[in-house]
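Undergrad: What follows is a single structure, and I will ask about it in a moment.
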Amino acid sequence: MNQDKVVELLKNYRSYKFAISNGIAGYNPYDDTGMPRGGGYGSREPRLGGGSTFDSEQDYRVYTQVVRLVDAAVMELLDDHERSVVESKYLSRRRQTLEQIAEGMNKDVRTIRRWHKAALKELTRAFALIDIPEIINLDEVLGLTA
């Protein structure tokens with residue numbers, strides 16, 4: 001995976017997390033407590049015209065793996081400064097530019113850029129063998145991206 005793909009993965013992180021928390025869940029035929037499936041989401045057997053149990057289960061597993069990998073890589077591989085930059089720029093609800101991050105941390109923007117570059121380099125190495133699953137970006141749907 002190259003650096004552009006890592007950035008795409010980080011930008012879609014919130015969408016993966018939202019999907020596993022609120023829309024996609026593993027199907028258990030003995031448990032009728034989940035969200036109803038429509039379009040392949042939820043934890044009940046799909047209704048006519050609403051996706052498939054297999055596809056939804058696959059999405060759930062892949063998205064869960066992506067969220068766990070990103071969480072682990074950010075926590076374990078990045079130092080505190082790099083983690084703060086990545087969280088502020090990509091993982092937070094209120095995404096910030098590098099300039100805004102620099103201002104908030106009272107640091108020079110070149111320092112923030114250096115930390116950002118180092119973080120992306122480390123994450124690119126960590127995610128070298130990961131494929132990015134397709135997902136509708138939550139921020140784009142809600143109009144939160146610039």
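The values are calculated or read from the model by the stated rules, or taken from the named source; none is laboratory data. Given the structure is predicted, the values throughout are model-derived calculations rather than measurements. A quick note on method: Cβ atoms are made from the backbone with ideal geometry, for glycine too, and the neighbour counts reach across all protein chains shown. Quick note on the areas: whole protein, heavy atoms, side chains included, nothing else; ligands and nucleic acids left out. Shrake-Rupley method; radii C 1.70, N 1.55, O 1.52, S 1.80 Å.
Undergrad: Taking θ = phi - 60°, what integer Hz values does the Karplus form 6.51 cos²θ - 1.76 cosθ + 1.60 yield along the stretch 96-113, in sequence order, with x for Gly and Pro?
TA: Along the stretch 96-113, the couplings run 10, 7, 4, 5, 5, 5, 4, 5, x, 8, 6, 10, 6, 4, 5, 5, 5, 4 Hz.
Undergrad: Here is a follow-up. Leaving out ligands and nucleic acids, note down the accessible area per residue over the stretch 67-143 with a 1.4 angstrom probe, in whole Å². Before the final figure, lay out each step's value.
TA: Numbers: 5040 Å² over 77 residues.
Per-residue accessible area for the stretch 67-143 comes out at 65 Å².
Undergrad: Can you work out the Karplus-derived ³J(HN,Hα) for every residue in the stretch 55-71? Use 6.51 cos²θ - 1.76 cosθ + 1.60 with θ = phi - 60°, whole Hz, and x for glycine or proline.
TA: The phi angles translate into 4, 5, 5, 4, 4, 4, 5, 5, 5, 4, 5, 4, 4, 5, 5, 5, 4 Hz.
Undergrad: Using R₀ = 22 Å, calculate the FRET efficiency as 1/(1 + (r/R₀)^6) where r is the Cβ-Cβ separation of Leu69 and Arg113; round to 0.05.
TA: Values: r = 25 Å, r/R0 = 1.13.
Here the calculated transfer efficiency is 0.30.
Undergrad: Provide the gained length on full extension for the span Asn2 to Asp131, in nm with one decimal, where the gain is 0.36 nm per separating residue minus the Cα-Cα distance.
TA: Full extension from Asn2 to Asp131 adds 45.4 nm.
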